[in-house]
Amino acid sequence: MIPFLDLGAAYRELSAEIDAAVARVLASGWYIGGAEVNEFENAWAAYVEAQHCVGVGNGLDALILSLRACDIGPGDAVIVPSNTYIATWLAISAVGATIIPVEPDPATHNIDPARIEAAITPQTRAILPVHLYGQPADMDAILEIARRHSLKVIEDAAQCHGARYKGQRIGAHGDVVCWSFYPGKNLGALGDGGAITTNDPAIAARIRRLGNYGSDQKYVNIERGTNSRLDPIQAAVLGVKLGHLDNWTARRREIAAAYSEALADTGLVLPHVPNWAEPAWHLYVVRSKDRDAMQKRLSKAEVGSLIHYPIPPHMQQAYEDLQIASDAFPLARQLAQEVISLPIGPQMDSDAQARVIDALV
């Protein structure tokens, strides 16, 4: 069986380095914050070309804390893709703001900048683009709109580790960039983890305070915060993996290129990459009108696949109180019915890659 994702493969490749890093943390006696977290924060900021990085508990916390640090809450509205993982919407709900969904560009599946301006209301305070599947959103167009309307831009880069937009790494285009280090991400921990990067020192300082009970100084609480901090063991593991991320991204790009070449005449709608984008290829997503039959064919060939995502946020029971009609966002609904993701892990060998292709041609 070719799994969709083999989470143990990266550990097996780097077991000696990871074991040594974990042992170092265990022996240090320092289990909250400390040198391991500081070193990873500095390394990640440098890697993504940002001035500041703050480690947090997970990707959802990164989004929530970023919204709070930008003073977004009840009475405010945030523009967000209609086509995204529900966490992006949940963060807006968590701070009490109003969700304003905007449909995607049908070619890239990312939020369509041409549709954003019409969605802006007097209550709109921010745009929250998602770099879906590891494909950068069109940040120049988004930032131009945001500046004209004095809006914050909070990027969801949970799937975009190492990607570039017009030559610059995703990491500091907007006011704040939110990262997840969930185990299945391109840079994944051995548990939950997250971070924010930014060039704004005030936002970075406030997120650090909010994630530490609203405190900059022990037992002195400036505001009502929460507990969301990157674990030192996870920081040490991430530091090891970061040294291999570029090689892993290069392998993902090789697999993506092989898929695109081999599947060009199959009738599938293949990923579209604008000439200004260098995707991280977190996912290789194709579209098929007969998606279910295609997935059965892959399964019969013992090839794993997943659907990202089968139910758009506006059709989830969690948001039935918004009373959004199922056909209100037809592009998001269509994508949910047609998309399917193929295996693209960096430890995937050429034989496995060939078997995936053979199952589809």
If you check every pair at least six apart or on different chains, which have Cβ atoms under 6 Å apart with a residue in the stretch 143-156 that is more than 19 Å from R169 (Cα to Cα) first and a residue that is modelled with pLDDT of 95 or more and part of a loop (DSSP other than H, G, I, E, B) second?
-> H149/I120; K152/C70; K152/D175
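Residues are listed down the side, and each one gets a yes or a no for (1) open to solvent by less than 10 Å² (accessible area, probe 1.4 Å); (2) on the phi > 0 side of the Ramachandran plot; (3) not in a helix (DSSP H, G or I):
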residue: Y309; (1), (2), (3): no, no, yes
residue: A318; (1), (2), (3): no, no, no
residue: A328; (1), (2), (3): no, no, yes
residue: L331; (1), (2), (3): no, no, no
residue: L335; (1), (2), (3): yes, no, no
residue: D351; (1), (2), (3): no, no, no
Identify the single condition in (1) at positive phi; (2) open to solvent by less than 40 Å² (accessible area, probe 1.4 Å) that V285 does not satisfy, given that it satisfies every other one.
-> (1)
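Being part of a helix (DSSP H, G or I) and not β-branched (V, I, T) is the filter here, so list the residues in the stretch 116-136 that pass it.
E117, A118, A119, L132, Y133, G134
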Can you tell me how many residues in the stretch 337-349 are of a type in the set (S, T, N, Q), under 24 Å from N247 (Cβ atoms) and surrounded by fewer than 17 Cβ atoms within 10 Å (Cβ to Cβ)?
-> 1
Since A202 meets every condition but one in (1) within 22 Å of the chain's Cα centre (by Cα); (2) without any contact (Cβ under 8 Å) to a residue 40 or more places away in the chain, which condition does it not meet?
-> (1)
Select, from I207, I222, the only residue that is open to solvent by less than 10 Å² (accessible area, probe 1.4 Å) and of a type in the set (V, I, T).
-> I207
When the stretch 251-275 is checked residue by residue, the ones that are touching a residue at least 60 places away in the same chain (Cβ under 8 Å), open to solvent by less than 60 Å² (accessible area, probe 1.4 Å) and among the hydrophobic types (A, V, I, L, M, F, W, C) are I255, A256, A258, A262, L263, L268, V273
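The values are calculated or read from the model by the stated rules, or taken from the named source; none is laboratory data. Source: prediction; values computed, not measured. Don't worry about glycine lacking a Cβ; one is built from the backbone with ideal geometry, like all the others, and counts go over all protein chains shown. Heavy atoms of the whole protein, side chains included, go into the accessibility calculation; ligands, DNA and RNA do not. Shrake-Rupley method; radii C 1.70, N 1.55, O 1.52, S 1.80 Å.
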